[in-house]
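Here is the structure we will look at.
The values are calculated or read from the model by the stated rules, or taken from the named source; none is laboratory data. Bear in mind that the values here come from a model prediction, so they are computed numbers and not experimental data. When we count neighbours, we look across all protein chains shown, and the Cβ atoms used for this are built from the backbone with ideal geometry, even at glycine. What goes into the accessible areas is simple: the full protein's heavy atoms, side chains included, and nothing from ligands, DNA or RNA. Shrake-Rupley method; radii C 1.70, N 1.55, O 1.52, S 1.80 Å.
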Amino acid sequence: MAYTTEGIRNTSLVGHSAAGKTTLFEALLHAGGVIGTPGSVERGTTVSDYDPMEKERKQSLNTVVASIDTSFPGSGDCHINLIDTPGAADFRGPTLSALAAVETCAIVVNAHNGIEYTTHRMMLRAKARGLARVLVVNKIDGGNCRALVEQLRETFGPECLPINLPAQDGKSVVDCFFKPEGVADFSTVAEAHQRIIDQVVEINETVMGHYLDQGEEGLSGTELHDAFEQCLREGHLVPICFVSARTGAGVKELLQLAARLLPNPREGNPPPFVKGVGAAATPIEAVADPKRHVVADVFKIVNDPFVGKLSVFRVYQGTVKKDTQLFVDDGKKPFKVGHLFKLRGKDHIEIDQAIPGDIAAIAKIEEIHFDAVLHDSHDEDQIHLQPLDFPQPMFGLAVEPAHKGQEQKLAVSLHKLAEEDPCFRYEHNKELNESVVRGLSDLHLKLMLERMKERYGVEVKSRPPRIAYRETISARAEGHHRHKKQTGGAGQFGEVFLRVEPLQRGAGFEFVDEVKGGTIPNQFLPAVEKGVRQVLDHGAVAGYQLQDVRVIVYDGKYHPVDSKEVAFVSAGKKAFLDAITKARPQILEPIVNLEVFVPDSHMGDVTGGLASKRARINGTDSLNGGELVVKAQVPLAEVTDYQTELKAMTGGKGRYAIEFSHYDPVPAQVQKQLTEAYKPRVEED
C-alpha cells in the first residue's frame, strides 16, 4: 500500500504487566491482515516475544515494532506503526524509549486488576511528553467495567470518556462516536455520545459556535475530526476504549479509532528538537516535509548475533532512501544507506524509502548509537532530540569473568547490552579494578547477565559493589602548594594558590581562572585544572567522586626554566587537597524514592521496617484489592537487600520500585567509618 505522511499513525502499547499488551498486539496484527492467526504468549508463538528468554518467561523484555496497512471510510489508506513494550518496571528503559517515536500512547489497563503502578506512571510520562493518550481497557469479559470507568475518571480526570462501551457481557462493543447505536452493558450509548461530543466541541470556538447554532448536524466531518485531534493533542480528551484481545471484541473498533481519529505526524505536538548544546541550545522545528533535508532520531538499538547491529529510527523530516548519505550527530564522515527495512518482530522487510513520520531500520552501521540524530546536512551537526527522563539505575553488581582471558569479551558484551537499554549501564573503577553493572532492579541485572551468557557466551561471577557515594565541601577555604623538585640538571617548579566554594547540590564542578599579572602563564592553567580533576575522579577523604564545588585559581608562581606542565599538575592537585581539608568535607549518599506495594495487613511491618532504615515516609495510597503503596525516601545503602527482607516480611506478596532522588550528607558516624576504611587503601598505595 502506498501511503503518505498524513496516513501514518505511530502508537505505542504500554501498561502494567499482565495487562495483555502482547496479546492485543497480536490481535491487532491479525485484524489488520498482517498475520493469519494470532500468536499465543503461552505457546511462545507471538510476533512480539520472539527472544528465547521471553518465550521461557512468557513476558516481554524488549520493545518490538510492526506495521499495519488498513483503511476505513473517512480515513483513506492508513499505515499504523505499532510498538509493543514491556510492562515490568524492571524494563522501563525500552518502554520509555518508544515514547520518542510516537504521537499516541495507548495505555492498556487490565479490566480485572484496575489501575496499577505502571498505569499511573505511563499516563504521567505520556502527558509530560505531550503525547495523545488513549486508555484501552482489555479483558472486558468478566471485568467490572462500570467501576473501572469511574475509577479512571476519578484518578486521571473527567477528560477520560468512553468512545465505545462493552455489550453482551463483554462479548462485543458498541460505538459511541461514529455510529452511536446499540445497547451497552452499562450507561447508555446516547449519554456516552453526548458526553464525548460536548467535550470535543468546547476545545474550538468556531466548532462550538456551529454546534450551538445548528446542533451536531451542523458540524462537518473535517471539523469534528480536527477538534477531536486537537483535544487529544492538548490533553482535553483521553478516550476510553474497550477490548478483549483474547476474543477479538473491540479490536477492529480500536483499529478504526487509530485510523480515523488519532493524530498523524503532522498533527501531533512538534518533537522537542534543539540546536546547539548547553545554555546556548535553541529550540528548532523539524517539519514533516519529504523534500527537506533528513532529520531522524534513533530510539532503539538491537545487537543481533546474526544480522549485526540494527538501528531503528523515526524520520521527522526529509526522506531516507537507499544510497542516501547520512551523518551521525556531529560526525564528519557520512555512511551510505545500503539496505532499509521495515520491521515485523524479528522479520526485516526491505523497503525503498522512509518518508516523514515513518519508522524504519538500517543494519551494520557501528557508529550509530541510541538517541543519535541522523541527518544529511553539514549544517545540522548539533541538532538533537530533547532526551527522555530515564530513571537512574541504582542497583549494582561488581562483575568479573568466570573464566580467565575473557576480560575484553566481557567489556564488549556489556557495551552492546548498554546500547540496547538506556537504563542498563556499566563502569570500570580504575582505583579498585572493578567493573560494575547498574540497572533498575536485581531482576533487571540478573536477566541482562543471563542474556549476555546466552547471546555472547560470557559468564560472570558477581558480588555487591560499593555504594555510589559522592564527596563535596560545605564551606569556603583556600589551599596552597609549591611543587619544587631538582633532579640533576633538570628541575620542576610550580606554585598554586586557589580557593574552593561549595555549589548547589547537583551543580557539578566549575573551574575559574582569576590569575592576575601572569603569575601563572596561560599555558600552565590547563595543567592546574588537570591536577584538580584528578582529585574529582578519585576523591579526597574516602575515595569517591567529588562534586558540587567551584575551584578558583587566583595566584601562583613559575620559573622561566624549571616550570613544566607536570609541576603544575602536581601543584594544582595538592593545593586542591589542601583546600578541601579546610572546607569541612562531606560524604554524600544516594537517596532514592521508594514505593512499596503490599497487602494492607502488612502495612505496619513495612513502615516499621522502613523507619529503622533512616527512611522518611511520605504517605500511603490505597489500590484495588486491599493493596497499599507506601511512599518513602530512603538511603540506597539501607535497601541493597530489601527484596529478600520484603519477601520474608510479606510472604512473597510485596514488591517495590526505586528511583534515584538526590544526594544527602551521610550521618557523622557513617562518614567516620567510610573515611577510616579509605585510609588503609591510601597507605597501601
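Summary table
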| item | result |
| --- | --- |
| Any hit, the stretch 141-156, residues being closer than 25 Å to Ser172 by Cα and in contact with a helix residue (DSSP H, G or I) (Cβ under 6 Å, 6 or more places away or on another chain) | no |
| Matching residues, the stretch 251-281, being touching an Asp or Glu at 6+ places or on another chain (Cβ under 9 Å), open to solvent by 60 Å² or more (accessible area, probe 1.4 Å) and of a type outside the set (Lys, Arg) | Glu253, Asn269, Pro270 |
| Odd one out for His384 among (1) over 22 Å from Pro265 (Cα atoms); (2) in a strand (DSSP E or B) | (1) |
| Qualifying residues in the stretch 627-667 (those that are of a type in the set (S, T, N, Q) and over 24 Å from the mean Cα position of the chain (by Cα)) - the one farthest from Tyr469 (Cα to Cα) | Thr650 |
| Filter result for the condition that a residue is farther than 30 Å from Leu449 by Cβ and part of a loop (DSSP other than H, G, I, E, B), over Gly39, Gly33 | Gly33 |
| All strands (runs of 3 or more DSSP E) inside the stretch 424-477 with 2 or more residues being within 25 Å of Val666 (Cα to Cα) and either open to solvent by less than 30 Å² (accessible area, probe 1.4 Å) or among the hydrophobic types (A, V, I, L, M, F, W, C) (or both) | 434-439, 470-473 |
| Enumeration of residues in the stretch 230-250 that are surrounded by 22 or more Cβ atoms within 10 Å (Cβ to Cβ) and in a helix (DSSP H, G or I) | Cys231, Leu232 |
| Extreme residue, surrounded by the fewest Cβ atoms within 10 Å (Cβ to Cβ), among residues of the stretch 333-382 that are of a type in the set (Lys, Arg) and either in contact with a Cys (Cβ under 8 Å, 6 or more places away or on another chain) or free of Cβ contacts under 8 Å to residues at least 24 places away in the same chain (or both) | Lys333 |
| In the stretch 53-76, the residues that are open to solvent by 60 Å² or more (accessible area, probe 1.4 Å) and polar (S, T, N, Q) | Ser71 |
| Candidate set from the stretch 459-482 (those that are over 32 Å from the mean Cα position of the chain (by Cα) and of a type in the set (Gly, Ala, Ser)); member that is nearest to Val515 (Cα to Cα) | Gly479 |
| Pair list, Cβ < 9 Å and 6+ apart or interchain, from the stretch 199-227 residues that are open to solvent by 60 Å² or more (accessible area, probe 1.4 Å) to residues that are among the aromatic types (Phe, Trp, Tyr) | Glu202/Tyr211 |
| Among (1) farther than 30 Å from Tyr544 by Cβ; (2) open to solvent by 40 Å² or more (accessible area, probe 1.4 Å); (3) in contact with a Ser or Thr (Cβ under 9 Å, 6 or more places away or on another chain); (4) of a type outside the set (Gly, Ala, Ser) - the single one Arg584 does not satisfy | (1) |
